[in-house]
Each structure stands twice: as C-alpha cells, then as structure tokens.
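Visitor: Sharing a structure here in structure tokens format.
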Amino acid sequence: MNKICGLYARTSTGRQEKEETIDSQIAEIKERIKQDGNVLAENLVFIDDGWSGSILARPALDLLRDAVKRKEIEVIYIYDNGRLSRDFTNLLVLLREFEEAEIKLISLHDINPTNPEEGVMQKVMGVFHDYERTKIAERFRRGKLFKARNGNIVHGDAPYGYTYIYKTKDRDCHFVINQKEAEVVRKVYKWIAEECLTINKVIKRLYEQGITPRKGKRPAWTNGPLSRMVRNEAYIGTTYYNKGYAVLPKNPKNLNKYKRIKRSSRALRPKAEWIPIKIDPILDETLFYRVQKQLEINALYSRRNKKYDYLLSHLLWCECSSRMFGEGKNYYRCTDRLKNFPMPRKCRAGGLNVARIDIVVWEKIKELLSNPLLFRKEAEKWHYSESQQPSNRTILENERLQKALDELKNQESRYIKAYGEGLIPIELFRKNIDDLNKKRSLLQEQINKITVLVENTLKPSLPPLEILRLQLPLVLNYLSEQDKQFVLRKMVKEIIVNKERTSAKIRGHIPLSIQEAKENPKYGLESINRYCRFAQCRQVHTF
C-alpha cells in the first residue's frame with residue numbers, strides 16, 4: 001500500500017546553495033521514493049537553504065515537526081541524519097519525536113533500524129555527524145591561522161580605501177589601494193588632525209561634499225563605520241587577523257525566532273593573539289597618531305550629557321590635585337568630595353565663580369598672544385614653515401604615486417604571463433592592458449603636476465608685522481565661545497587654582513620669550529612644550 005511521504009533537505013552554506021547540492025539531495029530522495037513505490041505529497045517537501053545543522057530552530061524543520069504532530073505524514077525521507085541535525089543532542093530529540101508519533105524515518109546513507117541493536121547503531125552514527133561538524137570547523141580554523149601567519153589575507157572584507165583582489169594562479173588574495181576611497185581617508189584624517197573636527201562634524205562635511213559610504217545605501221555616513229575608520233591601523237600598513245571571536249549577543253536587536261547565526265556579536269581577543277599582516281599604507285604614521293591623540297582630546301571635551309558649556313572645562317585643577325568641574329551655571333567646584341565619598345573630604349576649598357575665572361584667563365591669553373616679541377617669533381616661524389611646506393608636503397605624495405606606478409607594472413607583467421600561458425582570451429587581455437594604460441597616464445599626469453607646482457611655487461610674502469599685531473586684538477575680541485574654547489584647548493594644558501581661590505597658574509605649550517615684573521603676582525603662566533623632554537619644562541613667567 002502506498003504511503004504518504006515527505007522529504008527534508010538542508011544545506012549549511014551559501015556556497016553549497018550555489019553548487020546546487022540541495023537539488024542533488026532532492027533528486028536522489030525522489031528517486032528512492034519512486035523505487036519504494038510511495039507517494040510524495042507536494043505540500044510535504046521541506047527545504048532549509050543555508051542553515052547550519054547545529055541550529056534546531058529552522059523554518060522548514062519546524063513545519064516538518066508540526067506536520068508530524070498533526071499525523072499528516074507517514075514516512076520521512078532524508079539524505080542522511082546529518083541533514084536533520086549535526087548536534088547529537090538535537091538529533092536525539094528529533095528521533096524521539098518521530099518515534100513517539102510512529103513515523104518511519106528513512107535515511108539514504110545511514111542505518112534504518114529494524115531492531116534495538118540497529119537503533120543503537122543509528123544513534124552512534126549521529127555521534128559521528130557531530131564529530132564531523134567539529135572536525136570541519138577545526139580544520140578551517142587552523143587553516144586560516146596558518147595562512148594568516150604566513151602573511152596572507154584571510155578574509156574578503158577590505159577596509160574602506162582598499163579593494164579585495166581574489167586569489168589567482170600567480171598570487172594569493174590581497175588588498176590593493178583604491179585611490180578614490182584612499183583620498184577620502186586622507187581628507188578625513190587631515191580634518192581631524194589639522195582642524196580638530198569631531199566625528200559628527202566629519203559626517204556633516206562628508207555629506208556636504210556629497211561623499212557617500214562604499215555601499216551607498218545611505219546618503220550620509222554613520223558614527224560606527226567612521227569611528228572604526230579613524231582608528232584602523234590598516235591605513236599605516238598593518239591589518240590584523242584573529243582580532244575577535246563570535247559570541248552570543250547580550251542585548252539582541254533581532255528578536256525573531258529564526259536566526260541563521262546564533263553568535264552574531266563579536267568580542268575582542270587580547271592583542272597578543274592578533275596576527276599582523278602587512279599591506280600597502282595609505283597614511284603616514286605621524287598623521288595617524290596625531291589623529292588618535294586628537295580623538296582622545298575630543299572625547300575629553302565632548303559636550304555630550306552637559307547641561308551647560310564651560311569655557312575652561314577639563315582644564316581647571318584645584319591645588320589639592322583634584323579636577324574642578326562646573327556645577328550649576330555659576331561655579332567650578334573641586335571634585336575631592338566626590339572622589340572620597342562616603343569618607344570625609346580632604347579639601348575644604350569653596351567654589352570658583354565661572355564668569356570671574358573665564359574672563360581673567362581669556363584676558364591673559366589675549367595679552368600673551370599680543371606680545372610683540374612672541375608675535376614676531378611665531379610669525380617668522382610660520383613664514384619659514386610655509387616657505388618649506390610645498391617641497392616637504394610632496395615627498396609622501398610622490399612616494400605614493402610611484403608605488404602605484406610600480407603596482408601597475410606588476411599587474412601588467414601578470415596579465416602578459418597569464419595571456420602567454422593561455423589562461424585568458426585576447427579580448428580580456430586587451431581590455432585589461434587598456435585599463436592599465438589609462439591608469440598609468442593619470443598617475444603620470446599627477447606626478448608631472450606636482451613637479452611643476454614645486455618648481456613654480458613662490459615663497460609666501462610676510463605682511464607688515466605691526467599691522468597684523470594691531471589687528472589681532474580685534475579678531476580675539478569677536479571670537480565666539482566655541483572659538484575661544486578651541487584656542488584655549490590648543491594652548492593650555494592645565495590651570496591650577498589655589499585653595500583660597502585668589503590666584504591661578506596657567507600651564508601650556510606656548511613658547512615664551514618674555515620676562516615680566518614679579519611684584520604682587522596674582523596670575524602666573526607656566527610654559528610647557530608638550531612634545532619636548534621633561535628637562536626643558538617648568539619655566540615660570542608671572543604677570
């Protein structure tokens with residue numbers, strides 16, 4: 001008597017789907033059903049494409065289990081027990097469900113038990129399916145680690161600024177610089193290093209210039225990808241493999257029942273376990289680390305979660321060595337009482353009026369910037385740096401362009417070799433060579449422009465110093481609060497206020513060449529060069 005049959009098939013990866021292994025499974029099962037003389041109902045064909053065997057919650061498998069509970073099926077055909085589950089415990093659960101529902105399970109490549117001994121052997125075969133899954137995963141893991149330790153790119157996700165090149169007969173997969181994207185990366189880093197832009201301001205500027213992310217799904221960048229970009233060491237020539245591992249999400253955003261990947265979150269491994277892989281750099285290391293320092297400063301001065309904006313935020317220190325932060329709208333207060341809570345506080349100093357200290361500090365900075373001797377020294381230093389800048393600036397750019405030309409030569413030789421061995425047709429060879437020639441012409445044109453620019457660049461003329469010095473106070477008087485903060489944070493390292501709140505000492509990195517009178521000092525300024533040795537610091541100049 002013909003029985004109502006159903007079939008279940010599963011593939012675990014997108015690659016298996018492309019190779020049509022699911023179709024081969026179904027074809028073989030249908031042939032077996034025909035040989036057994038049974039009937040396959042069209043509504044009892046259950047297929048899970050691209051689902052891991054370690055996951056029990058699968059859409060088609062749940063439909064099969066529901067049909068079993070409703071007694072709509074008499075015989076289930078599968079390719080092997082591993083299609084039901086690669087996890088031994090889950091396989092036992094499914095086998096028990098089918099057994100209790102009196103459903104016969106027929107596996108084309110496993111034991112179909114007819115007695116208790118064969119039933120035990122069926123379960124033993126399930127252990128081997130679980131072992132095979134673990135063995136395959138371990139083999140892939142060790143293979144990737146071996147490949148990475150030999151300096152080869154393992155994954156295909158190239159950072160923004162690079163293009164992933166697939167493995168060929170002559171060369172393993174690798175990253176090449178995408179010149180269009182690399183130019184965006186250089187812009188972003190220069191904006192942060194030279195203009196001290198925050199991530200949000202960079203996002204706004206990219207949007208205003210019409211620069212979209214690589215995939216172009218959104219017209220503007222978001223904080224996450226851009227934050228990763230400005231911290232990625234790949235841009236100075238080193239990318240890493242084995243940085244993280246998959247973990248179960250603590251606060252999953254996707255609450256759907258069916259998930260192809262259980263461990264959808266990532267956790268970082270200790271840096272000692274990271275495997276470095278050398279690639280072509282896009283940035284100079286000096287620029288990269290300047291940006292990392294500026295990001296720390298941006299985080300320190302972030303206005304997030306602040307009700308009031310204080311001019312001297314994160315710059316004020318109490319004489320007791322505790323920071324002073326704004327409290328309310330009108331006062332800076334020592335944080336000693338917060339650090340020692342619930343124990344008694346050590347510092348009993350009172351608050352410091354915001355308006356009073358802000359005005360005095362700003363006036364002293366204006367006075368310093370307007371000093372004739374300091375002004376002349378800084379103007380001459382600027383003039384010298386600007387006169388040298390064009391030639392210095394072009395060194396790295398010329399090196400980058402020359403490297404790009406060398407890479408084109410290597411690509412050309414590989415194409416010639418591949419054509420000579422008959423690996424590519426003449427049409428593809430001509431197209432690739434034409435593309436290389438166009439790129440070579442563009443690069444050579446850029447090199448020629450830079451050469452002409454350097455040869456024809458005139459040294460900037462310096463306007464009369466006295467006129468500039470007289471104009472400077474007018475400019476400083478009309479700065480916005482945000483611009484004042486920018487000036488202070490570039491110049492001042494810390495401001496130390498005494499416990500009586502009657503005097504303050506400003507420490508910064510302004511190069512002073514003046515010596516004022518020291519009678520009855522109320523405010524002092526101490527010069528510290530942030531990038532010099534400690535022995536050159538701590539020269540106090542009072543006002």
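The values are calculated or read from the model by the stated rules, or taken from the named source; none is laboratory data. Because the structure is predicted, anything quoted here is derived from the model rather than measured. Reconstructed Cβ throughout: ideal geometry from the backbone, glycine too, with neighbour counts over all protein chains shown.
Visitor: Can you spot a residue in the stretch 172-188 that is free of Cβ contacts under 8 Å to residues at least 40 places away in the same chain, farther than 26 Å from ILE297 by Cα and either assigned by TED's automatic domain parsing to the domain that holds ASN90 or of a type in the set (Gly, Ala, Ser) (or both)?
Guide: no
The rows are residues; the columns are (1) in the same structural domain as GLU397 (by TED's automatic domain parsing); (2) touching a helix residue (DSSP H, G or I) at 6+ places or on another chain (Cβ under 7 Å); (3) polar (S, T, N, Q).
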{"residue": "TYR415", "(1), (2), (3)": "yes, yes, no"}
{"residue": "ALA418", "(1), (2), (3)": "yes, no, no"}
{"residue": "ILE424", "(1), (2), (3)": "yes, yes, no"}
{"residue": "ARG430", "(1), (2), (3)": "yes, no, no"}
{"residue": "ILE433", "(1), (2), (3)": "yes, yes, no"}
{"residue": "LYS438", "(1), (2), (3)": "yes, no, no"}
{"residue": "LEU443", "(1), (2), (3)": "yes, yes, no"}
{"residue": "GLN446", "(1), (2), (3)": "yes, yes, yes"}
{"residue": "LYS449", "(1), (2), (3)": "yes, no, no"}
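Visitor: Also, I was wondering about something else. Kindly indicate whether ALA27 is in contact with a helix residue (DSSP H, G or I) (Cβ under 7 Å, 6 or more places away or on another chain), free of Cβ contacts under 8 Å to residues at least 60 places away in the same chain and surrounded by fewer than 18 Cβ atoms within 10 Å (Cβ to Cβ).
Guide: No.
Visitor: Here's a follow-up. Out of LYS147, LYS135, report the one residue that is among the basic types (Lys, Arg), at pLDDT 80 or above and under 28 Å from ARG231 (Cα atoms).
Guide: Residue meeting the stated conditions: LYS147.
Visitor: Further question: Go through (1) part of a helix (DSSP H, G or I); (2) surrounded by fewer than 12 Cβ atoms within 10 Å (Cβ to Cβ); (3) at pLDDT 75 or above; (4) not aromatic (Phe, Trp, Tyr) for LEU408 and report which single condition fails.
Guide: (2)
Visitor: Taking only the stretch 231-268 into account, find how many residues are loosely packed, with under 13 Cβ neighbours inside 10 Å and either among the aliphatic types (A, V, I, L, M) or touching a Gly at 6+ places or on another chain (Cβ under 6 Å) (or both).
Guide: Final tally of qualifying residues: 8.
Visitor: Something else now. Quick one: is LEU84 in the same structural domain as GLY37 (by TED's automatic domain parsing), closer than 15 Å to HIS129 by Cα and touching a residue at least 40 places away in the same chain (Cβ under 8 Å)?
Guide: When the stated conditions are applied, LEU84 passes them.
Visitor: In the list ASP358, ASP336, which residue meets the criterion of being out of contact with any helix residue (DSSP H, G or I) (no Cβ under 6 Å at 6 or more places or on another chain), over 24 Å from ASP483 (Cβ atoms) and surrounded by 15 or more Cβ atoms within 10 Å (Cβ to Cβ)?
Guide: From the options ASP358, ASP336, the qualifying one is ASP336.
Per-residue answers, yes or no, for (1) among the hydrophobic types (A, V, I, L, M, F, W, C); (2) more than 38 Å from the chain's Cα centre (by Cα); (3) surrounded by 13 or more Cβ atoms within 10 Å (Cβ to Cβ):
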residue	(1), (2), (3)
HIS109	no, yes, no
ASP130	no, no, yes
GLU138	no, no, no
LEU145	yes, no, yes
HIS155	no, no, no
GLY161	no, no, yes
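Visitor: Scan the stretch 144-193 residue by residue and report those that are assigned to a helix (DSSP H, G or I) and of a type in the set (Phe, Trp, Tyr).
Guide: The answer is PHE146, TYR189, TRP191.
Visitor: Going through the stretch 284-297 one residue at a time, which ones are within 17 Å of PRO159 (Cβ to Cβ) and either within 16 Å of the chain's Cα centre (by Cα) or of a type in the set (Val, Ile, Thr) (or both)?
Guide: If the condition is that a residue be within 17 Å of PRO159 (Cβ to Cβ) and either within 16 Å of the chain's Cα centre (by Cα) or of a type in the set (Val, Ile, Thr) (or both), then PHE288, VAL291, GLN292 are the ones that fit.
Visitor: Going by the conditions given, is VAL120 surrounded by 11 or more Cβ atoms within 10 Å (Cβ to Cβ) and without any contact (Cβ under 8 Å) to a residue 40 or more places away in the chain?
Guide: yes
Visitor: I'm trying to understand the selection: among the residues of the stretch 223-255, which are assigned to a loop (DSSP other than H, G, I, E, B) and touching a Pro at 6+ places or on another chain (Cβ under 8 Å)?
Guide: ASN232, GLY237
Visitor: Looking only at the stretch 463-522, which residues are touching a Leu at 6+ places or on another chain (Cβ under 7 Å) and modelled with pLDDT under 60?
Guide: ILE510, LEU512, SER513, ILE514
Visitor: For residues in the stretch 37-61 being touching a residue at least 60 places away in the same chain (Cβ under 8 Å) and not small (Gly, Ala, Ser), which is farthest from ASP23 (Cα to Cα)?
Guide: Residue satisfying both the conditions and the ranking: ILE55.
Visitor: Something else about it: Can you tell me which residues in the stretch 337-354 are at pLDDT below 80 and in a helix (DSSP H, G or I)?
Guide: ARG337, LEU338, LYS339
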